[in-house]
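Participant: Sending over a structure as structure tokens; questions will come in a sec.
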Amino acid sequence: MLKRFAELSTPLVADACVRLGVELRAAPAGVRPVVAGSRIAGRVLPVRHYGSVDVFLEAYGAAEPGDVLVIDNGGRADEACVGDLAVLEAQAAGVAGLVVWGLHRDTPELVEIGVPVFSYGSLPLGPLRLDPQEPEALVTATFGPHLVSAADAVFGDADGVLFVPAARVDEVLETAAGIARTERAQAERIRSGDTLRRQTAFDDYLERRAADPAYSFRQHLRRVGGAIEE
């Protein structure tokens, strides 16, 4: 999955979801890679954090190579829930990356380890609490407003993180690749002097919209074959 995502981006995946009618599920703004340029793509390995790393170790026992640990720490800003040892153990379990709805610590060590980690940022403080573990701790994770599970895939890059139903990944990535080809061709034409307005017959769009105010630019793009909004 990561190889197929290598030439794509989360904006392209998001546009493909819009085109296909797949629900858009993005991590809250601000979740970014610890190391610039890091990318993730894989099956979600969900886990909920309660103040102890034991739940991560338990999750690693069910990990398959290429899984991405998606950690629900409630978006907390008062503790870092993963550090170097948890990430090293993830690497040993074949986990391809970690996405944290919360904070991390041990930044220099995480950079050295090299496993992609996405979070809100860093904080020196580890957890001081120990909450009761729920039965669903290794079944689902909440990330922002979204509930994710092993039935989902996760994609992440410099623009953020997206969740896509695993059953729709093939068509989403195929559609995203098609959008990428169209956008690259459009970009080359702009650089060559053929403006986007000309490529998209924008004057024609304005004329049609004047006659029919309900006529949207998205409809127009679908008619002329352009790609900019989806």
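Participant: Note down all Cβ pairs under 9 Å where the first residue falls in region 1-26 and is of a type in the set (Phe, Trp, Tyr), the second is at pLDDT 95 or above and surrounded by 15 or more Cβ atoms within 10 Å (Cβ to Cβ), and they're at least six residues apart or on different chains.
Facilitator: PHE5/VAL13; PHE5/ARG39; PHE5/ILE40; PHE5/ALA41; PHE5/PHE155; PHE5/ASP157; PHE5/LEU173; PHE5/ALA176
Participant: Can you tell me which residue in region 97-115 is surrounded by the most Cβ atoms within 10 Å (Cβ to Cβ), limited to those that are in contact with a helix residue (DSSP H, G or I) (Cβ under 7 Å, 6 or more places away or on another chain) and under 14 Å from SER38 (Cα atoms)?
Facilitator: Per the stated criteria, the residue is LEU98.
Participant: Say whether the condition of being in contact (Cβ under 8 Å) with a residue 60 or more places away in the chain, in contact with a Cys (Cβ under 9 Å, 6 or more places away or on another chain) and outside any strand (DSSP E or B) is met by at least one residue in region 155-169.
Facilitator: So far as region 155-169 goes, yes, one or more of its residues are in contact (Cβ under 8 Å) with a residue 60 or more places away in the chain, in contact with a Cys (Cβ under 9 Å, 6 or more places away or on another chain) and outside any strand (DSSP E or B).
Participant: Is there any pair linking a residue in region 41-64 that is surrounded by fewer than 23 Cβ atoms within 10 Å (Cβ to Cβ) to one that is of a type in the set (S, T, N, Q), with Cβ under 6 Å and at least six apart or on different chains, and which?
Facilitator: Listed by first residue and then by second, the contacts come to TYR50/GLN133.
Participant: I'd like to know if region 186-193 contains one or more residues that are in contact (Cβ under 8 Å) with a residue 12 or more places away in the chain, part of a helix (DSSP H, G or I), within 16 Å of GLY225 (Cβ to Cβ) and touching a Leu at 6+ places or on another chain (Cβ under 9 Å).
Facilitator: Yes, because at least one residue in region 186-193 is in contact (Cβ under 8 Å) with a residue 12 or more places away in the chain, part of a helix (DSSP H, G or I), within 16 Å of GLY225 (Cβ to Cβ) and touching a Leu at 6+ places or on another chain (Cβ under 9 Å).
Participant: Now for a separate question. Limited to region 1-49, what total is found for residues that are in a strand (DSSP E or B) and closer than 30 Å to LEU221 by Cα?
Facilitator: Final tally of qualifying residues: 3.
Participant: So which residues in region 113-148 are outside any loop (DSSP other than H, G, I, E, B) and either free of Cβ contacts under 8 Å to residues at least 12 places away in the same chain or within 16 Å of GLY74 (Cα to Cα) (or both), if there are any at all?
Facilitator: PHE118, SER119, SER122, THR140, ALA141, THR142, PHE143, HIS146, LEU147, VAL148
Participant: Can you pull out the residues in region 116-131 that are touching a helix residue (DSSP H, G or I) at 6+ places or on another chain (Cβ under 7 Å) and of a type outside the set (A, V, I, L, M)?
Facilitator: SER122 - this is the single residue of region 116-131 that is touching a helix residue (DSSP H, G or I) at 6+ places or on another chain (Cβ under 7 Å) and of a type outside the set (A, V, I, L, M).
The values are calculated or read from the model by the stated rules, or taken from the named source; none is laboratory data. These numbers were taken from a predicted model, which means no experiment stands behind them. Counting neighbours? That spans all protein chains shown, and the Cβs are built from the backbone with ideal geometry, glycine included.
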